[in-house]
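As structure tokens, the structure follows; a few thoughts come after it.
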Amino acid sequence: MAKLNVKQLKKSYGQLEVLKGIDVAIEQGEVVCVIGPSGSGKSTFLRCLNKLEEITAGNVIVDGKDLTDKKINLNKVREHIGMVFQHFNLFPNLSVLENITLAPTELKKNVESRSQSEWFEIIRSGWFSG
């Protein structure tokens, strides 16, 4: 089973249908780029993947857990989801490495024991483990 499965994902704002039934399966370690013109729904799609945006219809399944299930603890699932948006330096006052390790540091993961090259390899490989 794919690490991330998106099935018939739809998102509308009133009558405006922004996402029109997206299907995608992403495997562990796969690196994916979402590319398109301004206003095409890229950011909306990414926000829907971790339920930062309410989904109109469809399913987002991460590690077998359907995020549209009301019983799912979204915060627990989000601990294992990472995304990088258009700018490499999410917080301009932090270095790239500090930006990469910000979430694991906040989650009390064992950040200090890993070297800079290990962190970049973790990001490059597409997965996190504690």
Subject >> Reach of K42 by Cα under 26 Å, taken over lysines that are not fewer than 8 positions away in the same chain >> reply: K3, K7, K10, K11, K20, K51, K65, K70, K76
Original post:
Any idea what Rg and Dmax come out to for the stretch 4-72 if you just take the C-alpha atoms, in Å?
Top reply: 11.9, 37
**OP:** Go ahead and run the numbers for FRET between V32 and R114, Cβ-Cβ distance against an R0 of 22 Å, rounding to 0.05.
**Re:** 0.40
Original post:
When Lys and Arg each count +1 and Asp and Glu each count -1, what net charge do the other residues less than 12 Å away from D23, Cβ to Cβ, add up to?
Top reply: +3
**OP:** Can you tell me how much longer the chain between L46 and E79 gets when fully stretched, taken as 0.36 nm per residue apart minus their C-alpha distance, in nm with one decimal?
**Re:** 10.3 nm
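All of the numbers you see were taken from the coordinates with simple rules; none came from a lab. Model, not experiment: these values are computed from the prediction. With ideal geometry, Cβ positions are generated from the backbone for all residues, glycine too; neighbour counts draw on all protein chains shown.
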